[in-house]
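Undergrad: Pasting a structure here, questions to come.
Bear in mind that the values in this text are calculations on the coordinates, not laboratory data. These numbers were taken from a predicted model, which means no experiment stands behind them. Positions of Cβ are backbone-derived with ideal geometry, glycine not excepted, and every protein chain shown enters the neighbour counts.
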Amino acid sequence: MRMNYTGISPSATFVNAYEVIKKYYPNSIEQIEDEFAKLLLNPNCGALIRGFHPAQIRKLRIGLKKYQIGKSGGLRLIYLVVASNIIKLFIYSKRHYEGEEWVYKSVLKSLKEHSESIGTAGGE
C-alpha cells in the first residue's frame, strides 16, 4: 500500500541553514526546490541514516548542475519521514562541511523543534 504524503515542512534550523545555501548557490535555488518537491513522490529516495531508530531520518544528496557540482560534492538534505509528512531538518554543502558531530547536533536541534509532530508518528 502506497502512502500519500501531504506536505513538506521545514524546521527553524533548516530554514537558517537554507538561507546560507541560497547565498552560496543562488543560481540553483529552482533546482534545489525541485528536489524538495520530488520527496513527496518518493520520500524514501534518500539513504537511511543509522542511529536514529525508530525515526526514519534520511540523507538526500543533491548535485548542483549550474555550478558543475555532482552529488558527491554537492548538498546534503537531512529529512524526517513521519506519518504522512516530511520534515526538512538540515541542509549543508559538502564544501562547507564541518564534521559529523556538527551535522548530528544540527539534526538533534531540529528534532527537538518538532518533538510534538514526531511523537504522533505512531511507530512509523
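Undergrad: If you take the residues in region 50-63 that are surrounded by 13 or more Cβ atoms within 10 Å (Cβ to Cβ) and free of Cβ contacts under 8 Å to residues at least 40 places away in the same chain, which one is farthest from residue 103 (Cα to Cα)?
TA: Taking region 50-63 and keeping what is surrounded by 13 or more Cβ atoms within 10 Å (Cβ to Cβ), we get 52, 55-63.
Subsequent filtering for residues that are free of Cβ contacts under 8 Å to residues at least 40 places away in the same chain retains 58-63.
Working: 58: 13, 59: 11, 60: 14, 61: 14, 62: 16, 63: 19 Å.
Only one residue fits best here, namely 63.
Undergrad: Which condition from (1) farther than 25 Å from residue 101 by Cβ; (2) assigned to a helix (DSSP H, G or I); (3) without any contact (Cβ under 8 Å) to a residue 40 or more places away in the chain is the one that residue 36 breaks?
TA: Result: residue 36 passes all but (3).
Undergrad: Okay, moving on. Among (1) over 23 Å from residue 7 (Cβ atoms); (2) surrounded by 14 or more Cβ atoms within 10 Å (Cβ to Cβ); (3) touching a residue at least 40 places away in the same chain (Cβ under 8 Å); (4) of a type outside the set (A, V, I, L, M, F, W, C), there is one condition residue 96 misses while meeting the rest; what is its number?
TA: (2)
Undergrad: If you check residue 78 against the conditions, is it touching a helix residue (DSSP H, G or I) at 6+ places or on another chain (Cβ under 9 Å), closer than 21 Å to residue 111 by Cβ and buried (at least 16 other Cβ atoms within 10 Å of the Cβ)?
TA: Working: touching a helix residue (DSSP H, G or I) at 6+ places or on another chain (Cβ under 9 Å): yes; closer than 21 Å to residue 111 by Cβ: yes; buried (at least 16 other Cβ atoms within 10 Å of the Cβ): yes.
So residue 78 passes the test.
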